[in-house]
Structures are given as C-alpha cells and as structure tokens.
Amino acid sequence: MRASLLIVDDEASILEFLSMLFESEGFGVETARSAAEAQRAFASKSFDLVLCDVMMPDGNGLDLLKEIRGASPSTAVVMMTAYTSTKTAIEAMKLGAYDYVSKPFDVEELKIITQKALERAELADENVYLRRELEQKYTFNNIIGKSQRMQAIFALVERIARTSSTVLIHGESGTGKELIARAIHFASPRASRRFLSINCGALPENLLESELFGHERGAFTGAVREKKGLFQEADRGTLFLDEIGELTPPMQVKLLRALQEKTVRKVGGNQEEPIDVRVITATNQNLENRLASGELREDLYYRINVLPIHLPPLRQRREDIPLLVDFFLQKYSRQMDLPPRQISVEAMRLLEGYDWPGNVRELENVIERALALSHAETISTRDLPVQLLNNRRSDADQIELPEEGLDLEAHLEDIRAQLMAQALERAGGVQTQAAELLRMSFRSFRYYAKKAGLKGGDGD
C-alpha cells in the first residue's frame, strides 16, 4: 500500500515540485496552501506523513503541528522553513516533529529524512499493536478456566496485580505458570514497561549471574563489551524467574541481596546500581522439602513467598477440559487455515478421563497433532495418541468426588448417556449393534436413547 503524504506550503512552486518528487517515489500526495486547508484534509482522511511549512498565511505551522500530533500521534511530521532558527527547530522537535529541514532543499537529504520518518512511524504503530496484542492475550480474563479453583486464582491475580510484592507461583510443569505471571504484569501499574523471563535451571551459575546482573567489559573471557542484566533491562517492569528452586547456594545469596537492598552489582564491577523491578518466581518443586534439607535458604524462601499462588494440575479441574479443547481447536484451525473442526463425544470423554501428566501443555499438543493428522471434519478417538486410548479411567479408585459433592442419580444417568453415545459412534449409529456392545436389550437401549436425546437407526 502506498504511503500517504500531505504537503502544506503557501508557495505553489514548492507544492508542485514536492508533489512531482514524492509521486515519483511512490507516495500518494495531497497538498494544502494554508492551515485551514490542511485541517480540512485531515478531517477527511489520515496521512502517514506531513511536510509542513513553519510560516503559514493564516497561522503558525507549529500550531498546526500540535493539532496534527494531537489528532493522529502515529503521523510523522517534518517541518520546513526558509528562515533557519535554532529556537524554532528545538520547539518543533519538542512538539513532536520528526525533523526540521531548511529551504532550499537538498533533494537526496529530504528523501532520506522522509523515509526515516515513515520507518519510525511504522515502528511506533507496530509497538502499539504488539502491546495491545499482549495485553489482550495475557490479561487474566483470557486465561481459560470456569472451575472454582481457577476462578479463585483469577480473583487472586486481580488483587495481587495492584501490589509490587514478590509472588511465588507453584504448579506442575505445563500448568501455565508463566501465563499467570504475565497476567499479573499486564494487569498491574507496570503493564507499560517490560516483562522479562529466564529459566534459572537452564544456565550454569556463571552465565546466570551475568544474565541477571550484567557484566563489565573484561569481567571474564569473552566479555568484550559491557552488558546490562535483566534486572536493569526490566526497570520499572517485571522479572519472572522460573524454576527458582534450581538456584545454587551462591546465586541464592546474590538474589536475596538484590531483593533486600534493591540494588545490583555487575559481574566484574564495583558500583551498586539501584533497581525498581517486581519479581515473580515459579517452581514445580516442593520448596518446603528443599528448605528442610538445607538446599534452599530460609531467608530467601520467605522473601520470594510473600504472595503464593498454587496452580492445580489439569486432572484436578477436569471441568475446564472442554473449554480448553474448544479454544485449542479454534486456535490451530486458524493457524493451519482449516475450517472449524469439532470433536466427537467419545473423543472428548477420553480427553476428560485422561490424567494429563503434562497438563495444559500436553493437551494443547494433542489437539494440534490431531488437527494436523486428521482430514475429517470431526476429531474422533482414532485421531488421539495411543497413551490416551490405553489409559481409560475406569477403575473405582480413580473416581474423584468433586469438592462441592454431586447428584449421584444424575451422574449415573450422565455416565449411561456417555457410554451409549460412544457405543452408537462405534456402531456407526446402528442402535441394535450399540445395544449389543453394552449388553443391553434393544428395547432398553431405545428407551434410554430417546430419554437422553441420542439418535441412531434401528438396524433393520
């Protein structure tokens, strides 16, 4: 798409020259000979770039600059004048002009300036877009979960976000610890600043120290230039330390000092630098056990565990599985450019019955795999991995009573309807064959199928 350019100048020869120049460069050009004409042009459409003369017959170009920046912050503005004045140039830059050029123009210089102004405007737009995308993606309202446990976590996240206290998120691998950390950040007053993360167990001690606190030039072999650490990079933002239980004793001391003193010292340096960072930590380990064994410092534990959050494994919130399945079906159907897909009743029951040792991450992978391999409009049991088919939760000791209790009769009716639906699917909709699979008489099967709203042929 062609970039749109508005040229504002009261000299007809300048308008004609610049119009020809920038049209030949591929711009869509419009012109205005006064501030009033420029205002009317802006009222009817938006522009990517404005070249504006400082001296106008009906006003000051700087006043027009203020109006343009107020109405369209993403529009780049370059001021022009035949009267070079340092004071005017400085004022224009303060008001938001990208640059300031003097007449007569150096054509090549002007082309370079306008191109750079457009690139900066595009980058600003991209940053705004990415920020909005992140805010939409990571607000707690968009984390999937209707279960009581997840609703309680959402309420806790909303309260925690308003503070700057340290947070410890505990949960098994794949439960969404970083997603919760990001939700806290983007719901907090620090949302406009950076969210940075690091896995404390993924790096050896010396590299982790350099990543967290930075290093001076020559601090160690290969340190050819000074480097800021994540604590400095995340200034006024949030730093997420995953797998905090993997820290070595020396790193525990250094982290504790940073949290207590709110200062850091680069590797190889002797200057203490103040920091303003909200720290969120996470672990899948039992930190109380590490505390008892002496592997974790007690003072660090209490420093990071000011606001604890425990994320339940997926097997403890099975009622969220259908919502997650639907979300992942839509997500990967869009990514793979596929029409919307559905999932069969029997396949959904298998997903709900599986214990998900890898939690939400494993469920997401299963759905992505099923969509990639299946050509049918409906995902069925044959599209699921073998471990799901071999791990049906049928033993009595695996049945879990919900915390809020249940209506046993209704639950048994639901189980019967589920098994009948699965039998119908396996029998291709033929009721007589489905009844045989369940060791039921055809008459009983037909009665309960009608009661449950299940459809199928009579087999005749």
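Of everything listed in (1) part of a loop (DSSP other than H, G, I, E, B); (2) open to solvent by 70 Å² or more (accessible area, probe 1.4 Å); (3) not charged (D, E, K, R), the single unmet condition for LEU296 is (2).
Here is the figure for region 313-345: residues that are more than 30 Å from HIS170 (Cβ to Cβ), assigned to a loop (DSSP other than H, G, I, E, B) and either touching a helix residue (DSSP H, G or I) at 6+ places or on another chain (Cβ under 8 Å) or touching a residue at least 40 places away in the same chain (Cβ under 8 Å) (or both) total 6.
In the set (1) within 20 Å of ALA121 (Cβ to Cβ); (2) touching a residue at least 60 places away in the same chain (Cβ under 8 Å), the condition left unmet by GLU30 is number (2).
Mind listing just one residue for me: the one in region 418-435 that is assigned to a helix (DSSP H, G or I) and free of Cβ contacts under 8 Å to residues at least 24 places away in the same chain and, of those, farthest from THR381 (Cα to Cα)? Step by step, filter region 418-435, then rank; the result is ALA435. Scanning region 228-238 for residues that are over 13 Å from LEU212 (Cα atoms) and in a helix (DSSP H, G or I) turns up nothing.
Within region 1-33, the set of residues being part of a loop (DSSP other than H, G, I, E, B) and open to solvent by 20 Å² or more (accessible area, probe 1.4 Å) comprises MET1, ARG2, ALA3, ASP10, GLU11, GLU25, GLY26, ARG33. The residues of region 64-90 that are assigned to a helix (DSSP H, G or I), of a type outside the set (A, V, I, L, M, F, W, C) and either closer than 17 Å to VAL50 by Cα or free of Cβ contacts under 8 Å to residues at least 12 places away in the same chain (or both), listed by number, are LYS66, GLU67, ARG69, GLY70, THR86, LYS87.
Open to solvent by 80 Å² or more (accessible area, probe 1.4 Å) and either at pLDDT below 90 or assigned to a helix (DSSP H, G or I) (or both): is that true of ARG182 in this structure? No: the conditions fail for ARG182. Filter region 350-390 down to the residues that are in a helix (DSSP H, G or I), among the hydrophobic types (A, V, I, L, M, F, W, C) and open to solvent by 10 Å² or more (accessible area, probe 1.4 Å), then identify the one that is nearest to SER333 (Cα to Cα). Checking each candidate, the answer is ALA372. For region 34-54, the set of residues classified as surrounded by 14 or more Cβ atoms within 10 Å (Cβ to Cβ) and not in a loop (DSSP other than H, G, I, E, B) consists of ALA35, ALA36, GLU37, ALA38, GLN39, ALA41, PHE42, LEU49, VAL50, LEU51, CYS52, ASP53, listed by residue number. The single condition among (1) at pLDDT 90 or above; (2) open to solvent by 70 Å² or more (accessible area, probe 1.4 Å); (3) assigned to a loop (DSSP other than H, G, I, E, B) that LEU406 does not satisfy is (1).
Here's the yes/no breakdown for (1) open to solvent by 60 Å² or more (accessible area, probe 1.4 Å); (2) in a strand (DSSP E or B); (3) closer than 19 Å to ARG297 by Cβ; (4) not aliphatic (A, V, I, L, M):
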{"residue": "PHE240", "(1), (2), (3), (4)": "no, yes, no, yes"}
{"residue": "GLY245", "(1), (2), (3), (4)": "no, no, yes, yes"}
{"residue": "GLN252", "(1), (2), (3), (4)": "no, no, yes, yes"}
{"residue": "ALA258", "(1), (2), (3), (4)": "no, no, yes, no"}
{"residue": "VAL264", "(1), (2), (3), (4)": "no, yes, yes, no"}
{"residue": "GLU273", "(1), (2), (3), (4)": "no, yes, no, yes"}
{"residue": "ASP276", "(1), (2), (3), (4)": "yes, no, no, yes"}
{"residue": "VAL279", "(1), (2), (3), (4)": "no, yes, yes, no"}
{"residue": "ALA282", "(1), (2), (3), (4)": "no, yes, yes, no"}
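The sole residue among ARG303, ARG317, ARG341 that is touching an Asp or Glu at 6+ places or on another chain (Cβ under 7 Å) and basic (Lys, Arg) is ARG341.
With respect to (1) over 30 Å from MET420 (Cβ atoms); (2) surrounded by 15 or more Cβ atoms within 10 Å (Cβ to Cβ), the lone exception for TYR302 is condition (2). Residues that are closer than 15 Å to LEU241 by Cβ, in contact (Cβ under 8 Å) with a residue 24 or more places away in the chain and of a type in the set (A, V, I, L, M) were ranked within region 185-208; the one that is least open to solvent (accessible area, probe 1.4 Å) is LEU208. Regarding GLU109, is this residue open to solvent by 50 Å² or more (accessible area, probe 1.4 Å), over 26 Å from GLU23 (Cα atoms) and among the acidic types (Asp, Glu)? No.
Listed here are the residues, each with its yes/no results for (1) without any contact (Cβ under 8 Å) to a residue 40 or more places away in the chain; (2) more than 23 Å from the chain's Cα centre (by Cα).
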{"position": "GLN271", "(1), (2)": "yes, yes"}
{"position": "ARG278", "(1), (2)": "no, no"}
{"position": "ALA292", "(1), (2)": "yes, yes"}
{"position": "LEU300", "(1), (2)": "no, yes"}
{"position": "PRO308", "(1), (2)": "no, no"}
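Would you confirm, using the coordinates I've provided, whether THR114 is part of a helix (DSSP H, G or I), over 22 Å from ALA3 (Cβ atoms) and of a type in the set (S, T, N, Q)? No: the conditions fail for THR114.
The values are calculated or read from the model by the stated rules, or taken from the named source; none is laboratory data. The structure presented is a predicted model; accordingly, all values stated were derived computationally and were not measured. Please note: Cβ atoms are built from the backbone with ideal geometry, for glycine as well, and neighbour counts cover all protein chains shown. For accessibility, only protein heavy atoms count, side chains too; no ligands or nucleic acids. Shrake-Rupley method; radii C 1.70, N 1.55, O 1.52, S 1.80 Å.
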